[in-house]
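Here is the structure we will look at, set down as structure tokens.
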Amino acid sequence: MNGLMFLFFCYCISAEKAFAFSVGGSFADSVVVESMNFITADSISLHGMLYLPRHSSPKGILVDIDRPDVILPKFDFVNNSDSAGYSKKMVTHLIRSGIGVFFLAPRVPYNHENRMAIISSLEYKAQTLETIAEDAKTACLFIKKDARFTNTPVGVSGGSAMGLPAVMAAVQEKRISFVLLSSTPSTNNMDDAEYSYDRGSMNYMYLRALFSELWSMVKDTTFIYNGLKYSNTEQKSIEDQFTECAWDCFKKINRTIIAKQSDYDTIQKKATALMKGSFQWGKTGDWKPVKGLGTETVKTPDELIDLLMCTWHKPIDISFLRWNPEEWYPQLTCPVLFLFAENDKIIDLEGSVANIRRIKEQYTKSIFSIHIIKGCGHSFDYYYMKKGEGMRRKAISDKPFNELSNWFISHFN
């Protein structure tokens, strides 16, 4: 990467270091919760919630990091009514195994009501995998500085793409004792992005929606892409052809611009110019914006392309596309647990597992453990028919947390 690899965040304890409170109900007999606030060397305030076993010192503490657009989870352990299924199960399983969990909040407080204002802010856009890794390191070291946890193993975890900054943090900070990676893509991310889009993964539905909205502004029955004219055929609609061409253009942006440029503004300028220069169409007209995409103020296709570029090619997206496990995995020196889901349709599961096994063998990484959870999807969810209702209902499997508990005990007993 760059000089960010060698930066170290000094940190200080804020006046509101921590306070403990009860969560009520039967699980409250087993857990105590502390709110923690700390400040980085460049005066950025960070916040998180630490869940600890009530009646014993923790055998270890797991620092969990999440995407910038995720709200810090809050749990109702009494009524079992909250929606944070994965995070809540992580807490309950690990606490019962004597392991604490710390949830790190994003730098920029997020809420769904002000979504567009937040993601348009300079502070939000400035977040990258590197900044998230730095925040994870800061959180781990803050916990380690607490006299109660000086000799406690502190590790870091991330699900899906957030496993990448977890790896970066552990490579850069050797006081991190272990890493948990859940459904983390482990092939070259340029390849994984193309795999996910071509498979119709949910994390690319937003991009497809933007393509569809762009096409809705074109009132011609034909368009030109890179000098070739496209029109309706019996085999494929004009809109489907346009979507394929738009994705082809995005792949070119990824491979020829993002892979070769380092400056964010330059990437934005070149990517926007390539997108606009690749397409030609005749008349355009009124359209109905897709609710929630934030395009209500757009007037022309060029304006929508401007929005599309800055929405999809934020700094964090660019740093994600550039990430390559070949650069980072061989540098890991602490135990790592890779958890995957057998029915994962979001990432290239087969390619990821094969790549980890190859790196493990090539670099003699006996510290790597790989477990594939049977019958689950990307978020370790599965479906079943509820008797009498005839409908499939979502649930989170207990298996990944049992695997994690057993793995931790085997390494840090």
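The values are calculated or read from the model by the stated rules, or taken from the named source; none is laboratory data. Predicted model, so just to flag it, every value in this text is computed and none were measured. Here the Cβ positions follow ideal geometry from the backbone for every residue, glycine too, while neighbour counts run over all protein chains shown. Just so you know, the surface numbers come from the protein's heavy atoms only, side chains and all, with ligands and any DNA or RNA stripped out. Shrake-Rupley method; radii C 1.70, N 1.55, O 1.52, S 1.80 Å.
Odds and ends about this structure:
- Our coupling estimate for segment 369-374, obtained by passing each phi through the Karplus curve with A = 6.51, B = -1.76, C = 1.60 and θ = phi - 60°, is 10, 10, 10, 10, 7, 5 Hz, Gly and Pro reported as x.
- For segment 125-248, the fraction of 1.4 Å probe accessible surface lying on carbon and sulfur atoms is 51 percent.
- Note on segment 145-266: dipole from Cβ charges, positive end direction compared against Ala170, Ser212, Phe242; the farthest Cα belongs to Ala170.
- The figure for Met205 is an accessible area of roughly 70 square angstrom, using a 1.4 Å probe on the protein chains alone.
- If the chain linking Ser231 and Thr256 were pulled fully straight, counting 0.36 nm for each residue of separation and taking away their Cα-Cα distance, it would gain 6.2 nm.
- Packing, taken as the mean count of other beta carbons within 10 Å per residue, orders the peptides 179-190, 264-275, 141-152 from highest to lowest as 179-190, 264-275, 141-152.
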